[in-house]
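The values are calculated or read from the model by the stated rules, or taken from the named source; none is laboratory data. Fair warning: this is a prediction, and the values are worked out from it, not measured in the lab. Cβ sites come from the backbone with ideal geometry, for glycine too, and all protein chains shown count toward neighbours.
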Amino acid sequence: MNNPLDTPVSRRDVLIAGAASAAAGAANAPATAAEAAPAPAPAASIPRAKVTLNVNGQARALDLDTRTTLLDALREHLQLTGTKKGCDHGQCGACTVIVDGRRINSCLSLAVMHEGAQVTTIEGLGTPQRLHAMQAAFVKHDGYQCGYCTPGQICSAVAVLDEINRGIPSHVSADLTARPLLSAEELRERMSGNICRCGAYSNIIDAITEVAGVKA
Ligand code: FES
Ligand code: FES
């Protein structure tokens, strides 16, 4: 019996076999990329919903793909681009807005969850001619460099002072039953979800402290 390993196979034979195999694979493959891709869903099958938000004091009616985040509704549908998209994963705080008095990461929340809600963005806090006290304090204390995180920082800071005034404790509050201190430690803890890659943290604390009316 012949040992197959003894059968002489030339380099030419190997190349011919390889080319034949590749040609067979190509014959079975879809002719175009369009054939390979799944057919797009017909527009009618994409769930949509009507939602009305009260944004910066104005009722705004929207007809949205139900998967639209509040951040995209604000930026892409209402052209309120003051609110920034940083990570889009709830990790940086650049997208912070105030909804019914509470700060939230708008990238992590669907717009349809906020029917009838009062939404305040950086555009609703003040205007260039008439800054909100927190905006003026950030300017005065250089609480920013590139400014990308700043709208989220300011919305968060406004909500933080409200939380403290309402007596809501944080992870570093020593006494959960007493009104939290307006200390730098409290402010740092409460602002820890707002990342600043320029590292303006100490100036941000100075700005918030000034608005809170206490010395750092
Ligand atoms: Fe929302 Fe970063 S963009 S947390
Ligand atoms: Fe640049 Fe904060 S000012 S990231």
Considering Arg188, Arg179, which residue is charged (D, E, K, R) and either assigned to a loop (DSSP other than H, G, I, E, B) or in contact (Cβ under 8 Å) with a residue 60 or more places away in the chain (or both)?
Arg179
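In the list Ala159, Ala207, which residue meets the criterion of being in contact (Cβ under 8 Å) with a residue 12 or more places away in the chain, outside any loop (DSSP other than H, G, I, E, B), under 16 Å from Ile122 (Cβ atoms) and away from ligand 2 (no atom under 16 Å from the Cβ)? Give the steps one after another, and end with the answer.
Details: Ala207 fails: away from ligand 2 (no atom under 16 Å from the Cβ).
None of the others qualify; the one that does is Ala159.
Does the stretch 140-147 contain any residue that is within 16 Å of ligand 1 (Cβ to nearest atom), of a type outside the set (Gly, Ala, Ser), in contact with an Asp or Glu (Cβ under 6 Å, 6 or more places away or on another chain) and closer than 26 Å to Leu70 by Cβ? Quick ask: steps written out before the conclusion?
Of the residues in the stretch 140-147, the ones within 16 Å of ligand 1 (Cβ to nearest atom) are 146-147.
Remaining after also requiring of a type outside the set (Gly, Ala, Ser): 146.
Those left that are additionally in contact with an Asp or Glu (Cβ under 6 Å, 6 or more places away or on another chain): none.
No: zero hits.
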Would you check if Ala37 is loosely packed, with under 10 Cβ neighbours inside 10 Å and either within 23 Å of the chain's Cα centre (by Cα) or at pLDDT 65 or above (or both)?
yes
Pick from the stretch 60-79, criterion crowded, with 21+ Cβ neighbours inside 10 Å and touching a residue at least 40 places away in the same chain (Cβ under 8 Å), ranking: nearest to Arg166 (Cα to Cα):
Leu70
List pairs: first in the stretch 100-127 and without any contact (Cβ under 8 Å) to a residue 60 or more places away in the chain, second in a helix (DSSP H, G or I) and of a type outside the set (A, V, I, L, M, F, W, C), Cβ under 6 Å, 6+ apart or cross-chain?
Arg103/Ser156; Ile122/Pro151; Gly126/Gln135
If you take the residues in the stretch 162-173 that are part of a loop (DSSP other than H, G, I, E, B) and among the β-branched types (Val, Ile, Thr), which one is farthest from ligand 2 (Cβ to nearest atom)?
Ile168
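Collect the residues in the stretch 74-104 that are of a type in the set (Gly, Ala, Ser) and within 13 Å of ligand 2 (Cβ to nearest atom), keeping them in residue-number order.
Here is the first cut: in the stretch 74-104, the ones of a type in the set (Gly, Ala, Ser) are 82, 86, 90, 93-94, 101.
Correct list: Gly86, Gly93, Ala94.
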Options Leu108, Leu80: the member that is more than 11 Å from ligand 1 (Cβ to nearest atom) and among the hydrophobic types (A, V, I, L, M, F, W, C):
Leu80
For Ser156, are the conditions met, namely being within 21 Å of Val55 (Cα to Cα) and hydroxyl-bearing (Ser, Thr, Tyr)?
yes
Select, from Gln91, Gln129, Gln145, the only residue that is part of a loop (DSSP other than H, G, I, E, B) and within 13 Å of the chain's Cα centre (by Cα).
Gln91
Looking only at residues in the stretch 164-208 that are farther than 21 Å from Arg102 by Cβ and within 16 Å of ligand 1 (Cβ to nearest atom), which one is surrounded by the most Cβ atoms within 10 Å (Cβ to Cβ)?
Cys196
Single condition Met134 does not satisfy, out of (1) within 16 Å of ligand 1 (Cβ to nearest atom); (2) in a helix (DSSP H, G or I); (3) surrounded by 17 or more Cβ atoms within 10 Å (Cβ to Cβ):
(1)
How many of the residues making up the stretch 129-155 are closer than 14 Å to Thr83 by Cα and within 12 Å of ligand 2 (Cβ to nearest atom)?
8
